[in-house]
1. Helices (runs of 4 or more DSSP H) wholly in the range 195-291 with at least 2 residues that are over 21 Å from Ile171 (Cβ atoms) and among the β-branched types (Val, Ile, Thr) - which ones?
2. Is it the case that some residue within the range 211-233 is closer than 26 Å to Val108 by Cβ and out of contact with any helix residue (DSSP H, G or I) (no Cβ under 9 Å at 6 or more places or on another chain)?
3. Taking the range 226-255 on its own, how many of its residues are among the small types (Gly, Ala, Ser) and either without any contact (Cβ under 8 Å) to a residue 60 or more places away in the chain or under 14 Å from Pro282 (Cα atoms) (or both)?
4. Could you grab me the full set of residues in the range 158-171 that are surrounded by fewer than 17 Cβ atoms within 10 Å (Cβ to Cβ) and in a helix (DSSP H, G or I)?
5. Kindly provide the set of residues from the range 33-72 that are at pLDDT 95 or above, over 22 Å from Asn85 (Cα atoms) and among the small types (Gly, Ala, Ser), ordered by number.
6. Give the residues of the range 172-194 that are within 20 Å of Phe82 (Cβ to Cβ) and assigned to a helix (DSSP H, G or I), sorted by residue number.
7. Please go through the range 139-157 and pick out each residue that is buried (at least 16 other Cβ atoms within 10 Å of the Cβ) and assigned to a strand (DSSP E or B).
Amino acid sequence: MEVFLQTLVAGLLKGGLYALIGLGMTLIMGVMGIINLAHGQMMMVAMYVTYVLFHYMGIDPYITLLISMPALFVVGMGIQKFLLNPLMKVESILPENQVLMTVGIGMVLTEIARFIFTSNYLSVKTSLSTAAWHLGGISFSVALCIAFVFACALTFFLFWFLIKTDIGRSIRAVAQDPEAALLQGINADRIKVITMGIGAALVAAAGTLLLPIYYLFPDIGGPFTLRAFVITILGGLGSTVGAIFGGITLGLAEAFAATYWSMEVEQPIGLVIFLLVLLFLPGGFKRLIKV
(Lines give C-alpha, C1' and ligand atoms only; values in the text may rest on other atoms or scores of the structure.)
Protein backbone atom coordinates (compact mmCIF):
# COMPACT_ATOMS: atom_id res chain seq x y z
CA MET A 1 0.00 0.00 0.00
CA GLU A 2 2.87 2.36 0.77
CA VAL A 3 4.36 1.84 -2.69
CA PHE A 4 0.94 2.42 -4.26
CA LEU A 5 0.42 5.69 -2.36
CA GLN A 6 3.92 6.89 -3.20
CA THR A 7 3.32 6.16 -6.88
CA LEU A 8 -0.06 7.90 -6.73
CA VAL A 9 1.47 11.04 -5.22
CA ALA A 10 4.29 11.12 -7.79
CA GLY A 11 1.85 10.62 -10.65
CA LEU A 12 -0.48 13.38 -9.48
CA LEU A 13 2.34 15.87 -9.00
CA LYS A 14 3.84 15.10 -12.38
CA GLY A 15 0.39 15.11 -13.96
CA GLY A 16 -0.15 18.69 -12.78
CA LEU A 17 2.88 19.79 -14.81
CA TYR A 18 1.76 17.74 -17.78
CA ALA A 19 -1.63 19.44 -17.63
CA LEU A 20 0.10 22.83 -17.87
CA ILE A 21 2.00 21.64 -20.94
CA GLY A 22 -1.16 20.25 -22.51
CA LEU A 23 -3.18 23.40 -21.81
CA GLY A 24 -0.96 25.47 -24.08
CA MET A 25 -1.29 23.09 -27.01
CA THR A 26 -5.04 22.65 -26.41
CA LEU A 27 -5.61 26.40 -26.36
CA ILE A 28 -3.75 26.81 -29.65
CA MET A 29 -5.63 23.89 -31.16
CA GLY A 30 -8.99 25.28 -30.07
CA VAL A 31 -8.43 28.72 -31.59
CA MET A 32 -6.41 27.93 -34.71
CA GLY A 33 -7.46 24.37 -35.43
CA ILE A 34 -3.87 23.15 -35.77
CA ILE A 35 -1.56 21.02 -33.67
CA ASN A 36 1.56 22.98 -32.77
CA LEU A 37 4.32 20.43 -33.30
CA ALA A 38 6.94 22.90 -32.07
CA HIS A 39 5.32 23.00 -28.61
CA GLY A 40 7.98 20.95 -26.84
CA GLN A 41 10.76 22.85 -28.60
CA MET A 42 9.33 26.11 -27.22
CA MET A 43 9.52 24.54 -23.78
CA MET A 44 13.12 23.61 -24.49
CA VAL A 45 13.93 27.24 -25.34
CA ALA A 46 12.44 28.35 -22.01
CA MET A 47 14.52 25.74 -20.20
CA TYR A 48 17.69 27.09 -21.80
CA VAL A 49 16.66 30.63 -20.84
CA THR A 50 16.27 29.41 -17.25
CA TYR A 51 19.62 27.61 -17.38
CA VAL A 52 21.48 30.69 -18.67
CA LEU A 53 19.89 33.00 -16.08
CA PHE A 54 20.70 30.57 -13.27
CA HIS A 55 24.17 29.52 -14.39
CA TYR A 56 25.55 32.89 -15.47
CA MET A 57 23.53 35.36 -13.39
CA GLY A 58 22.67 33.30 -10.33
CA ILE A 59 18.92 33.98 -10.61
CA ASP A 60 16.71 31.47 -8.79
CA PRO A 61 14.90 29.19 -11.30
CA TYR A 62 11.49 30.07 -9.89
CA ILE A 63 12.17 33.79 -10.24
CA THR A 64 13.14 33.22 -13.88
CA LEU A 65 9.46 32.55 -14.53
CA LEU A 66 9.15 36.33 -14.66
CA ILE A 67 11.55 36.30 -17.60
CA SER A 68 11.02 33.00 -19.42
CA MET A 69 7.24 33.36 -19.68
CA PRO A 70 7.24 36.90 -21.19
CA ALA A 71 10.16 35.93 -23.46
CA LEU A 72 8.32 32.92 -24.88
CA PHE A 73 5.11 34.93 -25.07
CA VAL A 74 6.91 37.29 -27.46
CA VAL A 75 8.48 34.36 -29.36
CA GLY A 76 5.09 32.69 -29.73
CA MET A 77 3.45 35.87 -30.98
CA GLY A 78 6.27 36.40 -33.47
CA ILE A 79 5.95 32.87 -34.82
CA GLN A 80 2.21 33.26 -35.28
CA LYS A 81 2.32 36.77 -36.76
CA PHE A 82 5.21 36.34 -39.18
CA LEU A 83 5.24 32.62 -39.98
CA LEU A 84 1.79 31.10 -39.46
CA ASN A 85 -0.73 33.87 -40.14
CA PRO A 86 0.65 34.52 -43.66
CA LEU A 87 0.12 30.85 -44.53
CA MET A 88 -3.57 31.16 -43.72
CA LYS A 89 -3.97 33.68 -46.53
CA VAL A 90 -2.27 31.57 -49.19
CA GLU A 91 -4.15 28.83 -50.99
CA SER A 92 -2.15 25.64 -51.00
CA ILE A 93 -2.48 22.07 -52.17
CA LEU A 94 -1.68 21.12 -48.60
CA PRO A 95 -4.20 22.61 -46.16
CA GLU A 96 -1.97 21.33 -43.36
CA ASN A 97 0.85 23.70 -44.34
CA GLN A 98 0.64 25.47 -40.97
CA VAL A 99 1.29 22.18 -39.17
CA LEU A 100 4.22 21.49 -41.46
CA MET A 101 5.53 24.96 -40.66
CA THR A 102 5.46 24.17 -36.93
CA VAL A 103 7.48 21.01 -37.63
CA GLY A 104 10.09 23.14 -39.39
CA ILE A 105 10.08 25.70 -36.58
CA GLY A 106 10.69 22.93 -34.05
CA MET A 107 13.62 21.59 -36.07
CA VAL A 108 15.15 25.06 -36.39
CA LEU A 109 14.83 25.76 -32.65
CA THR A 110 16.44 22.41 -31.86
CA GLU A 111 19.41 22.96 -34.15
CA ILE A 112 19.93 26.53 -32.91
CA ALA A 113 20.07 25.20 -29.36
CA ARG A 114 22.50 22.48 -30.43
CA PHE A 115 24.72 25.02 -32.17
CA ILE A 116 24.84 27.30 -29.11
CA PHE A 117 24.92 24.75 -26.26
CA THR A 118 26.09 21.55 -28.06
CA SER A 119 24.33 18.27 -27.27
CA ASN A 120 25.64 18.03 -23.72
CA TYR A 121 23.21 17.26 -20.93
CA LEU A 122 22.75 20.23 -18.59
CA SER A 123 20.89 20.70 -15.34
CA VAL A 124 19.93 23.30 -12.76
CA LYS A 125 20.41 22.06 -9.21
CA THR A 126 19.32 24.01 -6.14
CA SER A 127 18.91 23.10 -2.49
CA LEU A 128 15.29 22.23 -3.27
CA SER A 129 16.08 19.83 -6.11
CA THR A 130 16.73 16.88 -3.80
CA ALA A 131 14.78 18.06 -0.74
CA ALA A 132 11.71 16.09 0.34
CA TRP A 133 8.89 16.26 2.86
CA HIS A 134 7.77 13.10 4.61
CA LEU A 135 4.27 12.17 5.71
CA GLY A 136 4.33 8.76 7.30
CA GLY A 137 6.12 6.56 4.81
CA ILE A 138 5.28 8.81 1.85
CA SER A 139 7.84 11.30 0.58
CA PHE A 140 6.96 14.45 -1.35
CA SER A 141 9.58 16.06 -3.59
CA VAL A 142 9.75 19.72 -2.55
CA ALA A 143 10.64 20.89 -6.06
CA LEU A 144 7.82 18.86 -7.59
CA CYS A 145 5.33 20.15 -5.00
CA ILE A 146 6.35 23.75 -5.71
CA ALA A 147 6.00 23.09 -9.44
CA PHE A 148 2.54 21.60 -8.84
CA VAL A 149 1.42 24.66 -6.86
CA PHE A 150 2.67 27.01 -9.58
CA ALA A 151 0.95 24.88 -12.23
CA CYS A 152 -2.35 25.02 -10.33
CA ALA A 153 -2.05 28.79 -9.87
CA LEU A 154 -1.32 29.37 -13.56
CA THR A 155 -4.19 27.10 -14.57
CA PHE A 156 -6.58 29.01 -12.30
CA PHE A 157 -5.33 32.32 -13.71
CA LEU A 158 -5.82 31.05 -17.28
CA PHE A 159 -9.44 30.13 -16.62
CA TRP A 160 -10.04 33.48 -14.90
CA PHE A 161 -8.49 35.25 -17.89
CA LEU A 162 -10.60 33.34 -20.41
CA ILE A 163 -13.85 33.92 -18.50
CA LYS A 164 -13.49 37.41 -17.04
CA THR A 165 -11.49 39.49 -19.52
CA ASP A 166 -12.48 40.91 -22.90
CA ILE A 167 -9.49 39.30 -24.64
CA GLY A 168 -10.28 35.98 -22.97
CA ARG A 169 -13.88 36.12 -24.13
CA SER A 170 -12.67 36.99 -27.62
CA ILE A 171 -10.40 33.95 -27.58
CA ARG A 172 -13.33 31.75 -26.61
CA ALA A 173 -15.49 33.32 -29.31
CA VAL A 174 -12.92 32.69 -32.04
CA ALA A 175 -12.48 29.10 -30.80
CA GLN A 176 -16.25 28.46 -30.88
CA ASP A 177 -17.14 30.16 -34.18
CA PRO A 178 -14.50 32.21 -36.05
CA GLU A 179 -16.97 33.58 -38.62
CA ALA A 180 -19.47 34.74 -35.99
CA ALA A 181 -16.63 36.30 -34.00
CA LEU A 182 -15.52 38.20 -37.11
CA LEU A 183 -19.06 39.50 -37.61
CA GLN A 184 -18.97 40.78 -34.02
CA GLY A 185 -15.92 42.90 -34.85
CA ILE A 186 -13.27 40.62 -33.31
CA ASN A 187 -9.90 40.73 -35.08
CA ALA A 188 -9.30 36.98 -35.47
CA ASP A 189 -5.70 37.38 -36.66
CA ARG A 190 -4.81 39.43 -33.57
CA ILE A 191 -6.52 36.92 -31.28
CA LYS A 192 -4.58 34.07 -32.86
CA VAL A 193 -1.30 35.92 -32.29
CA ILE A 194 -2.18 36.48 -28.63
CA THR A 195 -3.30 32.86 -28.21
CA MET A 196 -0.05 31.50 -29.59
CA GLY A 197 1.80 33.77 -27.18
CA ILE A 198 -0.26 32.50 -24.23
CA GLY A 199 0.28 28.88 -25.26
CA ALA A 200 4.03 29.46 -25.52
CA ALA A 201 4.10 31.21 -22.13
CA LEU A 202 2.28 28.30 -20.47
CA VAL A 203 4.67 25.70 -21.82
CA ALA A 204 7.58 28.00 -20.91
CA ALA A 205 6.37 28.00 -17.31
CA ALA A 206 6.20 24.19 -17.35
CA GLY A 207 9.76 23.97 -18.69
CA THR A 208 11.12 26.38 -16.09
CA LEU A 209 9.37 24.54 -13.27
CA LEU A 210 10.57 21.18 -14.57
CA LEU A 211 14.25 22.06 -14.98
CA PRO A 212 15.29 21.86 -11.27
CA ILE A 213 14.19 18.21 -11.23
CA TYR A 214 14.98 17.23 -14.81
CA TYR A 215 17.80 17.50 -17.32
CA LEU A 216 18.22 19.54 -20.47
CA PHE A 217 19.53 18.85 -23.96
CA PRO A 218 18.50 20.13 -27.42
CA ASP A 219 16.31 17.15 -28.35
CA ILE A 220 14.25 17.21 -25.17
CA GLY A 221 11.43 19.02 -26.97
CA GLY A 222 10.35 16.03 -29.07
CA PRO A 223 9.18 13.77 -26.21
CA PHE A 224 7.28 16.63 -24.60
CA THR A 225 5.61 17.59 -27.88
CA LEU A 226 4.45 13.97 -28.03
CA ARG A 227 3.17 14.13 -24.45
CA ALA A 228 1.32 17.38 -25.16
CA PHE A 229 -0.23 15.82 -28.26
CA VAL A 230 -1.39 12.75 -26.30
CA ILE A 231 -2.87 15.02 -23.60
CA THR A 232 -4.68 17.11 -26.23
CA ILE A 233 -6.20 14.01 -27.83
CA LEU A 234 -6.98 12.42 -24.46
CA GLY A 235 -8.67 15.55 -23.15
CA GLY A 236 -10.55 16.21 -26.37
CA LEU A 237 -9.45 18.63 -29.06
CA GLY A 238 -9.82 22.20 -27.86
CA SER A 239 -11.06 21.33 -24.35
CA THR A 240 -9.06 23.12 -21.65
CA VAL A 241 -10.79 21.24 -18.82
CA GLY A 242 -10.19 17.99 -20.70
CA ALA A 243 -6.49 18.85 -20.96
CA ILE A 244 -6.26 18.95 -17.16
CA PHE A 245 -7.78 15.48 -16.88
CA GLY A 246 -5.59 14.31 -19.74
CA GLY A 247 -2.39 15.58 -18.11
CA ILE A 248 -3.19 13.98 -14.75
CA THR A 249 -4.14 10.71 -16.46
CA LEU A 250 -0.86 10.61 -18.38
CA GLY A 251 1.14 11.45 -15.25
CA LEU A 252 -0.53 8.64 -13.30
CA ALA A 253 -0.14 6.18 -16.17
CA GLU A 254 3.60 6.88 -16.47
CA ALA A 255 4.13 6.64 -12.71
CA PHE A 256 2.29 3.33 -12.31
CA ALA A 257 3.84 1.85 -15.45
CA ALA A 258 7.34 2.70 -14.21
CA THR A 259 6.66 1.32 -10.70
CA TYR A 260 4.76 -1.86 -11.48
CA TRP A 261 6.06 -2.70 -14.91
CA SER A 262 9.38 -1.20 -15.99
CA MET A 263 11.06 2.18 -16.35
CA GLU A 264 11.44 1.37 -20.04
CA VAL A 265 7.69 1.64 -20.65
CA GLU A 266 7.25 4.99 -18.87
CA GLN A 267 7.29 6.96 -22.12
CA PRO A 268 5.73 4.39 -24.52
CA ILE A 269 2.68 4.08 -22.24
CA GLY A 270 1.54 7.46 -23.58
CA LEU A 271 1.37 6.03 -27.11
CA VAL A 272 -0.64 3.07 -25.87
CA ILE A 273 -3.12 5.46 -24.22
CA PHE A 274 -3.22 7.50 -27.44
CA LEU A 275 -4.20 4.43 -29.50
CA LEU A 276 -6.78 3.27 -26.96
CA VAL A 277 -8.41 6.70 -26.90
CA LEU A 278 -8.61 6.82 -30.70
CA LEU A 279 -10.18 3.36 -30.74
CA PHE A 280 -12.62 3.52 -27.83
CA LEU A 281 -13.05 7.19 -26.88
CA PRO A 282 -12.39 9.27 -30.02
CA GLY A 283 -13.83 12.41 -28.42
CA GLY A 284 -11.55 12.11 -25.39
CA PHE A 285 -12.65 13.30 -21.96
CA LYS A 286 -14.40 16.20 -23.70
CA ARG A 287 -17.06 13.75 -24.79
CA LEU A 288 -17.62 12.59 -21.20
CA ILE A 289 -17.52 15.90 -19.35
CA LYS A 290 -19.25 17.92 -22.10
CA VAL A 291 -16.77 20.84 -22.13
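1. Where helices (runs of 4 or more DSSP H) fall fully within the range 195-291 and carry at least 2 residues being over 21 Å from Ile171 (Cβ atoms) and among the β-branched types (Val, Ile, Thr), they are 221-235, 240-260, 268-280.
2. yes
3. Selection size over the range 226-255: 6.
4. Phe159, Trp160, Phe161, Ile163, Lys164, Asp166, Ile167, Arg169
5. Ala46, Ser68, listed by residue number.
6. Correct list: Val174, Ala188, Asp189, Arg190, Ile191, Lys192, Val193, Ile194.
7. Phe140, Ser141
Every residue, every condition in (1) within 20 Å of the chain's Cα centre (by Cα); (2) assigned to a helix (DSSP H, G or I), yes or no:
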residue	(1), (2)
Val74	yes, yes
Met77	yes, yes
Leu84	yes, yes
Val99	yes, yes
Gly104	yes, yes
Ile112	no, yes
Phe115	no, yes
Asn120	no, no
Ser127	no, no
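The values are calculated or read from the model by the stated rules, or taken from the named source; none is laboratory data. Predicted model only: the values in this text are computed from it and were never measured. All Cβ positions, glycine included, derive from the backbone under ideal geometry; neighbour counts span all protein chains shown.
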